[in-house]
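First up is the structure itself, then whatever we jot down about it.
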Amino acid sequence: MSGTSTAAAPARRRTSKLGWNLLGLVVFLVAGFPLYWMLNTAFKPAKDAIDPDPSLLPTGITLGNFRRALDISDFWGPVGRSLVVSLSVVVIGMAVGLLAALAISRFVFRGRKIVIVGILAVQMVPLVAMIIPVFLLLNDLGQYDKLTGLIITYLTFILPFTVWTLRGFIVNIPRELEEAAMVDGCSRTGAFVRVVFPLLAPGMVATSVYGFIQAWNEYLYALMLLSQEHQTATVWLGNFTTKHGTEYAPMMAGATMMAVPIVVLFLLVQRKMAAGLTAGAVKG
């Protein structure tokens, strides 16, 4: 009986592993199908994109949709503005968010819990509910139809998430590491720069990527707060919908080109995102 149960254990583990692998494959297919369909539509002839009986496999490959996407309206202008806005949001958000997260996680001060609750409360407010107040406020400040106004608006909902996420990363770094560095002669700032900051780098990268993607993909505020002359890349995609209909193939080609910066960014930082937060901090 003991030998039978012992022999059956590896079989159950293999079956369980196979089941999880199949589940992972299903999730991958469901999540990846929209991306595949976007690429498939971007490279197929325009007439096939509106076929009522579309084919799952490419019936033909053409680059005409990309040329049409570049010709239908200014492409590099909106992309450049989106890059400026997204990078500005990431840089400012990380600089301010890191200091705020460090203060909340390492120092005790009056109103600390209120600040933490306030950060959570801000994230619970639907973005669509703030459109009118934000519009009126930016109009009074003279920031309507300006990239600086859009950057400030994005920071209002990306910065709280940045602070909350970085706080979680900092809390997981033992205080003893800083104290040991300070005993060895480092100041508090020196201990943070030499000890905490390297361990925090993977968390900062992951948070930065999230902030960049949020700012890059945001559509509603960019549509409401900027004129067509200053539109961003997501709003630019609306040029493919006209009174004559929607040009789906060029639109998918434009969406494919818009996805390139995100893919490149992820490929550049994927190792940092997967790195352990306290790699090398544990005594061997």
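The values are calculated or read from the model by the stated rules, or taken from the named source; none is laboratory data. As the structure is a prediction and not an experimental result, all values here were calculated from the model. We place every Cβ from the backbone using ideal geometry, glycine too, and count neighbours over all the protein chains shown. Just the protein is used for accessible areas: all its heavy atoms, side chains included, with ligands, DNA and RNA removed. Shrake-Rupley method; radii C 1.70, N 1.55, O 1.52, S 1.80 Å.
Here is a check on your reading of the model: is Gln123 farther than 30 Å from Thr246 by Cβ, part of a loop (DSSP other than H, G, I, E, B) and in contact with a helix residue (DSSP H, G or I) (Cβ under 9 Å, 6 or more places away or on another chain)?
The answer is no for Gln123.
Can you work out which of the residues in the stretch 242-272 that are open to solvent by 50 Å² or more (accessible area, probe 1.4 Å) and hydroxyl-bearing (Ser, Thr, Tyr) is farthest from Ser73 (Cα to Cα)?
Only one residue tops the list, namely Tyr248.
What residue, among those in the stretch 97-112 that are free of Cβ contacts under 8 Å to residues at least 12 places away in the same chain and basic (Lys, Arg), is least open to solvent (accessible area, probe 1.4 Å)?
Within the stretch 97-112, the match that is least open to solvent (accessible area, probe 1.4 Å) is Arg112.
Among the residues of the stretch 161-177, count how many are open to solvent by 80 Å² or more (accessible area, probe 1.4 Å), in contact with a helix residue (DSSP H, G or I) (Cβ under 7 Å, 6 or more places away or on another chain) and not in a helix (DSSP H, G or I).
The number of residues fulfilling the criteria is 0.
From the list Arg194, Arg175, Arg106, exactly one residue is of a type in the set (Lys, Arg) and in contact with a Phe, Trp or Tyr (Cβ under 9 Å, 6 or more places away or on another chain). Which is it?
Among Arg194, Arg175, Arg106, only Arg106 is of a type in the set (Lys, Arg) and in contact with a Phe, Trp or Tyr (Cβ under 9 Å, 6 or more places away or on another chain).
Report, by residue number, each residue of the stretch 26-40 that is of a type outside the set (S, T, N, Q), under 22 Å from Tyr248 (Cβ atoms) and surrounded by 10 or more Cβ atoms within 10 Å (Cβ to Cβ).
Across the stretch 26-40, the qualifying residues are Gly32, Phe33, Leu35, Tyr36, Trp37, Met38, Leu39.
Asp53 fails exactly one of the following numbered conditions: (1) more than 29 Å from the chain's Cα centre (by Cα); (2) closer than 30 Å to Ile170 by Cβ. What is the number of that condition?
Only one criterion in (1) more than 29 Å from the chain's Cα centre (by Cα); (2) closer than 30 Å to Ile170 by Cβ is unmet by Asp53, namely (2).
Looking at the stretch 178-257, what helices (runs of 4 or more DSSP H) fall wholly within it and have at least 1 residues that are in contact with an Asp or Glu (Cβ under 8 Å, 6 or more places away or on another chain) and of a type in the set (Lys, Arg)?
Once the helices (runs of 4 or more DSSP H) in the stretch 178-257 are filtered for at least 1 residues that are in contact with an Asp or Glu (Cβ under 8 Å, 6 or more places away or on another chain) and of a type in the set (Lys, Arg), what remains is 188-191.
Given the options Ala181, Ala201, name the one that is open to solvent by less than 50 Å² (accessible area, probe 1.4 Å), farther than 19 Å from Gly97 by Cα and touching a Lys or Arg at 6+ places or on another chain (Cβ under 9 Å).
Criteria check complete, one pass: Ala181.
Among the residues of the stretch 113-150, write down those that are under 23 Å from Ser82 (Cβ atoms) and either of a type in the set (Lys, Arg) or open to solvent by 80 Å² or more (accessible area, probe 1.4 Å) (or both).
Val128, Leu137, Asn139, Leu141, Tyr144, Lys146
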